[in-house]
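The values are calculated or read from the model by the stated rules, or taken from the named source; none is laboratory data. Fair warning: this is a prediction, and the values are worked out from it, not measured in the lab. Because the Cβ atoms are built from the backbone with ideal geometry, glycine has one as well, and the counts that use them run over all protein chains shown.
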Amino acid sequence: MAGIRTVMVTMPAMMGDLIKRLAAGRVHLDIVAELHDRRAVGRRLAALLPTLVVIGLKHGERDDAVRALVQRLPMSKFIAVDGDGRVIGYELCLRRTRLSELSPDELIGFIRAAPVEIVTESD
């Protein structure tokens, strides 16, 4: 049975093993590559076409690199493990709404719900 095509990127061995053990018996991860550095990582991931990327972030590192990779590989899901052990999931989601079936108020609600970039001090 084919598993979820997975690439591990700069993951500490202990955290990588923990994720693999957590998945065991629940979901089959087909680890197709383990990348120990991020040189040309976008190009390398594009060539590997993973369904899931698990990436380790350095202590204090922001998630800008992960966000850029998600945009480059919009069909892939990403799990980022930061230096403090927090685990964060990323994915792009596309939703389709049949606007012709909405009332005028619902149409305005759809327009109002357009994403607005909010910049905070932690970003």
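Quick notes
- Within the range 73-120, the set of residues being of a type in the set (A, V, I, L, M), at pLDDT below 85, farther than 28 Å from Leu45 by Cα and in a loop (DSSP other than H, G, I, E, B) comprises Ala113, Ala114, Val116, Ile118, Val119.
- Residue check, Ala47 more than 15 Å from Met15 (Cβ to Cβ) and among the small types (Gly, Ala, Ser): yes
So that you can scan it fast, the table gives a plain yes or no per residue for (1) surrounded by 14 or more Cβ atoms within 10 Å (Cβ to Cβ); (2) of a type in the set (Gly, Ala, Ser); (3) part of a loop (DSSP other than H, G, I, E, B):
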site: Gly16; (1), (2), (3): yes, yes, no
site: Ile19; (1), (2), (3): yes, no, no
site: Arg26; (1), (2), (3): no, no, yes
site: Ile31; (1), (2), (3): yes, no, no
site: Glu34; (1), (2), (3): yes, no, no
site: Asp37; (1), (2), (3): no, no, yes
site: Ala46; (1), (2), (3): yes, yes, no
site: Val66; (1), (2), (3): yes, no, no
site: Gln71; (1), (2), (3): no, no, no
